[in-house]
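The values are calculated or read from the model by the stated rules, or taken from the named source; none is laboratory data. Please read all numbers here as calculations on a predicted model, not as lab measurements. As a convention, Cβ positions derive from the backbone with ideal geometry for all residues, glycine included, and neighbour counts pool all protein chains shown.
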Amino acid sequence: MFNLDKLLRDNIRALVPYSSARDEFQGEAKVFIDANENSLGSPLTRWYNRYPDPHQWKVKEAVGKIKGIGPEHIFMGNGSDECIDLLYRAFCVPGKDNVIINPPTYGMYEVSAHINDVEVRRAVLLDDFQLDLVHLETLVDEHTKLIWICSPNNPTANSMKRQDIEVILNNFPGLVVIDEAYINFSRHRSFIQELSDYPNLVVLQTMSKAWGLAGLRVGMAFASEAIIEVYNKVKPPYNISQATQELALKALDEVGQVNDMIRSLVELRERLSLELSALPVVITVYPSDANFLLVKTENARGIYEHLLREGIVVRDRSKVELCEGCLRITVGTEKENADLLKSLSAYEPKAHRPSGQT
């Protein structure tokens, strides 16, 4: 049985959150002399001398309309990394609790765990990059607080089977965190609409990928009102800047343009996948529900270094478990993809052997 209060760290349960000046006043006013701001303005604009809305209500309302969910179920983070880190801070007792990841997967789940001195248990994916439910179940004990599921997964690009995720949600008493950073490039349904059925569910999304706003660092967590209250209790008071909120709002008004970009990227992805598959140096291009491809090659490191010499940067994942020999390649513009293919076509393995070898 899921019990959020029991999951919380004792110190977080007792925590009195910091109350900012803008938390204490809500509404309209003519004079703001409550927050020790510079009342004369700033070198940029007279508006940025004021602290932003600490709860980003306008942004949450705009996101909520698009996602079909109330703003009280949304947390805005300084990138998804903040959404990840705050779950560790709120629910995992350092040196005592543990979490489960399903590698190969997004590296920050493990990095953030180590920063917070939380044990990481690894249920390595099956050969088809799907969840190993049997192994995962054996790792759960009374101190397991979080299970991290990236779907579509990074770096494998595939979506996890929905029924497998539902099995975990129905049987695990802790929090199940589904990272849907790449969901917009997939045909699969988001789990956001399932929040009312699963009180232990947290869904992460971002404006970095489909929305094209990686430079703004806007992450989103969707969960029950009770879990969002925990997020707001432990977050820094002004974690999303005024400029970021303004730019995010402008972007959220352009849903049609974003959908057009998604369709274009999916078309470019499918074309790039076919063209890569035809190259002699490519062994396999794995199916993708994301804006990148996992590509198994004859000599991943050699190809990676060849591309670097050509001024093309991809991600070498050849040392990651289950990804031996693989490069992760983001879908670029039409020209960028053409440059990549041209460079790969010119790759000659024998020309780049270390000296002394024949």
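Let's see how each residue does on (1) buried (at least 20 other Cβ atoms within 10 Å of the Cβ); (2) small (Gly, Ala, Ser); (3) over 15 Å from residue 107 (Cα atoms); (4) in the same structural domain as residue 8 (by TED's automatic domain parsing):
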| residue | (1), (2), (3), (4) |
| --- | --- |
| 139 | no, no, yes, yes |
| 151 | yes, yes, no, yes |
| 164 | no, no, yes, yes |
| 167 | no, no, yes, yes |
| 170 | no, no, yes, yes |
| 177 | yes, no, no, yes |
| 182 | yes, no, yes, yes |
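Please work out which one of (1) closer than 20 Å to residue 324 by Cα; (2) free of Cβ contacts under 8 Å to residues at least 24 places away in the same chain; (3) not small (Gly, Ala, Ser) is the condition residue 282 fails and give its number.
(2)
What about residue 65, is it assigned by TED's automatic domain parsing to the domain that holds residue 249, outside any loop (DSSP other than H, G, I, E, B) and either in contact (Cβ under 8 Å) with a residue 24 or more places away in the chain or exposed (fewer than 14 other Cβ atoms within 10 Å of the Cβ) (or both)?
Numbers: assigned by TED's automatic domain parsing to the domain that holds residue 249: yes; outside any loop (DSSP other than H, G, I, E, B): yes; either in contact (Cβ under 8 Å) with a residue 24 or more places away in the chain or exposed (fewer than 14 other Cβ atoms within 10 Å of the Cβ) (or both): yes.
Yes.
From the list 214, 248, 243, 223, which one is assigned by TED's automatic domain parsing to the domain that holds residue 59, closer than 22 Å to residue 78 by Cβ and without any contact (Cβ under 8 Å) to a residue 24 or more places away in the chain? First the steps, then the outcome.
On the way: 248 fails: without any contact (Cβ under 8 Å) to a residue 24 or more places away in the chain; 243 fails: without any contact (Cβ under 8 Å) to a residue 24 or more places away in the chain; 223 fails: without any contact (Cβ under 8 Å) to a residue 24 or more places away in the chain.
Exactly one of 214, 248, 243, 223 is assigned by TED's automatic domain parsing to the domain that holds residue 59, closer than 22 Å to residue 78 by Cβ and without any contact (Cβ under 8 Å) to a residue 24 or more places away in the chain, namely 214.
Cβ-Cβ under 7 Å, sequence separation 6+ or interchain: first residue in the range 36-59 and among the aliphatic types (A, V, I, L, M), partner in a helix (DSSP H, G or I). Which pairs?
Note: pairs meeting the criteria are 59/245; 59/248; 59/249.
Take the conditions at pLDDT 90 or above, touching a strand residue (DSSP E or B) at 6+ places or on another chain (Cβ under 9 Å), basic (Lys, Arg) and surrounded by 12 or more Cβ atoms within 10 Å (Cβ to Cβ) and apply them to residue 58. Does it pass?
Answer is no for this residue.
Please go through the range 1-55 and give me each residue that is of a type in the set (Phe, Trp, Tyr), modelled with pLDDT under 85 and either under 27 Å from the mean Cα position of the chain (by Cα) or under 20 Å from residue 248 (Cβ atoms) (or both), ordered by number. Steps first, please.
Restricting attention to the range 1-55, the residues satisfying the condition of being of a type in the set (Phe, Trp, Tyr) are 2, 18, 25, 32, 47-48, 51.
Subset that is modelled with pLDDT under 85: 25, 32, 47.
Answer for the range 1-55, where residues must be of a type in the set (Phe, Trp, Tyr), modelled with pLDDT under 85 and either under 27 Å from the mean Cα position of the chain (by Cα) or under 20 Å from residue 248 (Cβ atoms) (or both): just 47.
Taking the condition of being outside any helix (DSSP H, G or I) and either closer than 13 Å to residue 340 by Cα or of a type in the set (D, E, K, R) (or both), how many residues in the range 296-316 meet it?
Narrowing the range 296-316 to residues outside any helix (DSSP H, G or I): 296-299, 310-316.
Pick out the ones that are also either closer than 13 Å to residue 340 by Cα or of a type in the set (D, E, K, R) (or both) and you get 296, 298, 310-316.
Looking only at that region, the number is 9.
Might you let me know whether the range 96-109 holds any residue that is surrounded by fewer than 22 Cβ atoms within 10 Å (Cβ to Cβ), at pLDDT 95 or above, basic (Lys, Arg) and assigned to a helix (DSSP H, G or I)?
The answer is no; no qualifying residue exists.
Evaluate the following for residue 194: is it of a type in the set (Asp, Glu) and farther than 22 Å from residue 4 by Cβ?
Here the answer is no, as residue 194 does not meet what is asked.
Just the residues that are among the hydroxyl-bearing types (Ser, Thr, Tyr) and in contact (Cβ under 8 Å) with a residue 12 or more places away in the chain, please, taken from the range 151-207.
Going through the range 151-207, the residues among the hydroxyl-bearing types (Ser, Thr, Tyr) turn out to be 151, 156, 159, 182, 186, 190, 196, 198, 206.
Passing the criteria: 151, 156, 159, 182, 186, 190, 198, 206.
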